[in-house]
Amino acid sequence: MAFSQTASASSLVFALFGDVYMTPQHQGYLKGMLDDMARKGSELAISTGGIKPADQGCQDKNLLATYPVFAAAPLPTFYVPGDADWAICGQTAGGNFVPEERLNLLRKTFYQSDLSLGEPQLPLVRQADYPEHMRWRSGPALFISLNVPGTHSKGTKPAEDAQSLQNRTDAVLSWIKAAYSEARQQEISMLVMVMHGDPDLSAPEAASTQPRAPMTDLLRSETEGFPGQVLLVHGGNGVHRIDHPLTNQSNEMPLQNFTRVETYSALQQGWVQVRIERNKKSGDDPVHRTEFLFESFPWPPLDMGTEEETTKAAN
């Protein structure tokens, strides 16, 4: 599906973050971080998921506590569901929860319109039956979100869980293919993909479970022939890093037009600012005509200090 909005700007600045919990002792933490992003010039913000601790119950109040903050954010905001937000709710103490039902609650709340959260709102496209799978154009980049949690959902009905996983895997792969196709058709030189779970791109032989193994193969094959840069963003492991984990199987060299950013975690908090610009020195080189710069902003971990101390540290 082509985009109706004009998005021809040659540069863009956006923010990445994840695992910022809305716990009672940190009510102002998330708001302060979003304010900091806007103050530092970010034009939109993307969360890789993790809106509550894994050991916190999946009651409505815990899953929805973040929504008012995202909705009132001072910049367009996009949220990708994490595993603690729904996928592991069947294993969480403090209640008997069905993961798919918890995901549907998130869908009805965070993904209820064809607009982003925050202000101003940006138009987007959602995948049918998977509204958390978003696609939008901002500046020189095409963005997509993918529901790939770090841990697969486990409820009380294994057969239904397996079928749900397979259906979501098919939807993820289809959404990735459509994004590459859209980028080529629109001659977009930067594709940004955001998910929660680590797809294990550096060790594909160990990623034997769906959707990670077929996703690795698809990303490699599509990126090798893509005339531009691909940025994959995820959370999940608790270690902030920026690298080139996807390799060319013919020579084992990293694909230079594929970069991975892993966001900060609750124990190593912070956010990452990405600046995309046209590289005027590259001439007609399709792979290097777009470049991006990263700047990381560490924050105090969520288990340290008071809310007042956290706010002071951000200023």
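Scanning the stretch 212-253 for residues that are over 16 Å from residue 190 (Cβ atoms), in contact (Cβ under 8 Å) with a residue 12 or more places away in the chain and assigned to a helix (DSSP H, G or I) yields a count of 8. Scanning the stretch 58-98 for residues that are in contact with a Leu (Cβ under 7 Å, 6 or more places away or on another chain) and hydroxyl-bearing (Ser, Thr, Tyr) yields a count of 3. Taking the listed residues 55, 60, 85, the one that is closer than 17 Å to residue 194 by Cβ and of a type in the set (D, E, K, R) is 85, with no other qualifying. Taken over the stretch 56-70, the criterion of being over 24 Å from residue 262 (Cα atoms) and not in a loop (DSSP other than H, G, I, E, B) is satisfied by 60, 61, 62, 64, 68.
Where in the stretch 75-184 are there strands (runs of 3 or more DSSP E), lying fully within it, with 1 or more residues that are of a type in the set (Asp, Glu), crowded, with 19+ Cβ neighbours inside 10 Å and under 19 Å from the mean Cα position of the chain (by Cα)?
On the way: elements: 77-79, 125-127, 130-138, 141-145.
Where strands (runs of 3 or more DSSP E) fall fully within the stretch 75-184 and carry at least 1 residues being of a type in the set (Asp, Glu), crowded, with 19+ Cβ neighbours inside 10 Å and under 19 Å from the mean Cα position of the chain (by Cα), they are 130-138.
For the stretch 21-69, the set of residues classified as open to solvent by less than 40 Å² (accessible area, probe 1.4 Å), of a type in the set (Ser, Thr, Tyr) and more than 16 Å from residue 264 (Cβ to Cβ) consists of 23, 66, listed by residue number. The set of residues from the stretch 185-197 being crowded, with 20+ Cβ neighbours inside 10 Å and over 13 Å from residue 230 (Cα atoms) comprises 195, 196, 197.
Scanning the stretch 19-45 for residues being at pLDDT 95 or above and assigned to a loop (DSSP other than H, G, I, E, B) gives a total of 4. When 252, 295, 307 are checked against the criterion of being surrounded by fewer than 18 Cβ atoms within 10 Å (Cβ to Cβ), under 22 Å from residue 38 (Cα atoms) and modelled with pLDDT under 90, 307 stands alone in meeting it. The set of residues from the stretch 255-289 being modelled with pLDDT under 85, outside any loop (DSSP other than H, G, I, E, B) and open to solvent by less than 50 Å² (accessible area, probe 1.4 Å) comprises just one member, 282.
The values are calculated or read from the model by the stated rules, or taken from the named source; none is laboratory data. Bear in mind that the values here come from a model prediction, so they are computed numbers and not experimental data. Positions of Cβ are backbone-derived with ideal geometry, glycine not excepted, and every protein chain shown enters the neighbour counts. Ligands, DNA and RNA are excluded from the accessible area calculation, which covers all protein heavy atoms including side chains. Shrake-Rupley method; radii C 1.70, N 1.55, O 1.52, S 1.80 Å.
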